[in-house]
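Q: There's a structure below that I have some questions on.
The values are calculated or read from the model by the stated rules, or taken from the named source; none is laboratory data. Predicted model, so just to flag it, every value in this text is computed and none were measured. Counting neighbours? That spans all protein chains shown, and the Cβs are built from the backbone with ideal geometry, glycine included.
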Amino acid sequence: MSRGEGSFTMVTKKRVTPAKTVSPDAEQDRSAPEVRVLRRFRLVFNAVKTHLQQVEKKAGVGGAQLWALSVIHAHPGIGVNSLAAFMDIHQTTASNLVKALVTADMIAAEKSAPDRRAVQLRILPAGARAAKGARSIYRCLAGRAGDAWAPRPLSAWTVTWRC
């Protein structure tokens, strides 16, 4: 049949390939120390990510903002440069976080008396409420992450962290 004179259907046979067997060498490669460490790292990373997502959802703000709130709560009067140094982020990133938190009425930025260019940050009631349950998340995660590297069966890695 030529094109345009009608339609036709091409039938192809599906090839069935046998299941691959795993050679003993391949199985040994999967249990190599590097692979086990990578698996553990991925498990810890995913557990931390899941935990932080739950905390962010509960608090109603993003992780970086939540962290900034907890730092400002712990260090009333901290400046933007000090906040950036404490969080190990660039000053402009910290400044953007501060702007968003000021706009959301979670923190106040007040000009300091000696240097009118510098601001002192303090937490407001809405910010304190958001940060209340999250103040210790980073301490909690740091402590739990160390525990996660202890040798144990992989089935024990499905623990939900509670702080």
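Q: Which count do you get for residues in segment 61-80 that are under 10 Å from GLN120 (Cα atoms) and not in a loop (DSSP other than H, G, I, E, B)?
A: So the count comes out to 3.
Q: Ok, one more. Taking ASP29 and the conditions (1) modelled with pLDDT under 75; (2) surrounded by fewer than 10 Cβ atoms within 10 Å (Cβ to Cβ), which numbered condition does it fall short on, given that it satisfies the others?
A: With (1) modelled with pLDDT under 75; (2) surrounded by fewer than 10 Cβ atoms within 10 Å (Cβ to Cβ) applied to ASP29, the lone miss is (2).
Q: Outside any helix (DSSP H, G or I) and surrounded by 14 or more Cβ atoms within 10 Å (Cβ to Cβ), is that true of ALA84?
A: no
Q: Does segment 119-130 hold any residues that are under 10 Å from ILE78 (Cα atoms) and not charged (D, E, K, R), and which are they?
A: Of everything in segment 119-130, those that are under 10 Å from ILE78 (Cα atoms) and not charged (D, E, K, R) turn out to be VAL119, GLN120, LEU121.
Q: When PRO114 is evaluated against the numbered criteria (1) in contact (Cβ under 8 Å) with a residue 40 or more places away in the chain; (2) in a loop (DSSP other than H, G, I, E, B), which criterion, by number, is the only one it fails?
A: Evaluating PRO114 over (1) in contact (Cβ under 8 Å) with a residue 40 or more places away in the chain; (2) in a loop (DSSP other than H, G, I, E, B) leaves (1) as the failure.
Q: So which pairs qualify, if the first residue must be in segment 60-85 and hydroxyl-bearing (Ser, Thr, Tyr), the second must be at pLDDT below 90, the Cβ gap must be under 7 Å, and the two must be at least 6 apart or on different chains?
A: The qualifying pairs are SER70/ALA131; SER70/ALA134; SER70/ARG135.
Q: With respect to the numbered conditions (1) modelled with pLDDT under 85; (2) within 18 Å of the chain's Cα centre (by Cα); (3) under 23 Å from ALA126 (Cα atoms), which one is the sole condition not fulfilled by SER112?
A: (2)
Q: Of everything in segment 87-102 that's part of a helix (DSSP H, G or I) and out of contact with any helix residue (DSSP H, G or I) (no Cβ under 8 Å at 6 or more places or on another chain), which residue is surrounded by the fewest Cβ atoms within 10 Å (Cβ to Cβ)?
A: Among residues in segment 87-102 that are part of a helix (DSSP H, G or I) and out of contact with any helix residue (DSSP H, G or I) (no Cβ under 8 Å at 6 or more places or on another chain), the one surrounded by the fewest Cβ atoms within 10 Å (Cβ to Cβ) is THR92.
Q: Quick one: would you say ALA59 is modelled with pLDDT under 85, aliphatic (A, V, I, L, M), within 14 Å of ALA130 (Cβ to Cβ) and buried (at least 19 other Cβ atoms within 10 Å of the Cβ)?
A: Against the criterion (modelled with pLDDT under 85, aliphatic (A, V, I, L, M), within 14 Å of ALA130 (Cβ to Cβ) and buried (at least 19 other Cβ atoms within 10 Å of the Cβ)), ALA59 qualifies.
Q: Answer yes or no as to whether GLY127 is surrounded by 11 or more Cβ atoms within 10 Å (Cβ to Cβ), modelled with pLDDT under 85 and either in contact with a His (Cβ under 9 Å, 6 or more places away or on another chain) or of a type in the set (Gly, Ala, Ser) (or both).
A: Considered against the rule, which asks whether it is surrounded by 11 or more Cβ atoms within 10 Å (Cβ to Cβ), modelled with pLDDT under 85 and either in contact with a His (Cβ under 9 Å, 6 or more places away or on another chain) or of a type in the set (Gly, Ala, Ser) (or both), GLY127 comes out as no.
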